[in-house]
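Data first, discussion second: the structure below is written as structure tokens.
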Amino acid sequence: MPKQDFTHVETWVFDLDNTLYPPSARLFDQIEARMTHFVMETLRVSHAEADRLRHAYWRDHGTTLAGLMRLHDLDPGPYLHAVHDISLDHLEPDADLGAAIRALPGRRIVYTNGSAPYAERVIDRRGLAGAFDAVYGVEHAEYRPKPEAEAFETVLRRDGSAAARAAMFEDDPRNLSAPHAMGMRTVHVAPDRVEAAHIHHHTDDLGGFLARLV
């Protein structure tokens, strides 16, 4: 990993789910189950149809929420509260990750397609409170979801950060395409490597990766 690839970086942007905690915590299993239940109740469809729609909206619109808002004029507030009302019991503090993030020069922010209050809960549970200068949820992107370029642009503009001097850490490969096009350094954080032109680096150990940068 060329350390010099990051010497220009002034803003470090981290996704939340399956990025700042390992996929083995399986938090998103809980979120997906609550999404399906919400779609069932709201659209009055079967469990199977709700599950199909949840995935189809994620595929076609970036998030299930975006699909519900665009196709069904959904108020996002109750949805975000309902789907993120989950147990964090499987999360454990990660002192090494916290130390590595705090040692990064410049601004350190979280940007998630989830809600900011949910992100704050996860950050606290992981022992990362105080490690970030700002936490942005989908509400700060005017409910536009990653992977839309406008969503990233909105958050970076709100933060006062320049894409050309930023790095993005993300578990979903498709969410790195727009940052790459905007000039950000891109890092795929996941157990398995994906070969793609819009991914500069891959790691399955975020804390170890960051520790080698500082």
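Summary table
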quantity	calculated
Segment Leu71-Phe28, extension gain: residue separation times 0.36 nm, minus the distance between their alpha carbons	13.1 nm
Shape metrics for the stretch 1-143, restricted to C-alpha atoms - Rg then Dmax, Å	16.8, 54
Most mobile of Asp172, Asp75, Asp15 in a GNM of the chain (Cα contacts under 10 Å)	Asp75
Space enclosed by the convex hull of the alpha-carbon atoms of the stretch 27-83, per residue, Å³	71
Convex hull (Cα only) mean projected area of the stretch 60-206, reported in nm² to one decimal	9.0
Of His140, His81, His61, the one that fluctuates the most in a GNM where the chain has Cα springs shorter than 10 Å	His81
Excluding exposed DSSP-loop GluC sites (Glu not before Pro) (at most 15 other C-beta within 10 Å), longest clean stretch of the chain	11-141
The chain - mean residue ellipticity at 222 nm from DSSP helices (-39,500 (n - 2.57) per run, n ≥ 4, rounded to 500)	-12500 deg cm²/dmol
Dimensionless Rg over Rh [the stretch 51-120; C-alpha; Kirkwood]	1.09
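Read-outs throughout are calculated quantities, based only on the coordinates presented, and are distinct from any laboratory measurement. These numbers come from a predicted model, not from an experiment. Counting neighbours? That spans all protein chains shown, and the Cβs are built from the backbone with ideal geometry, glycine included.
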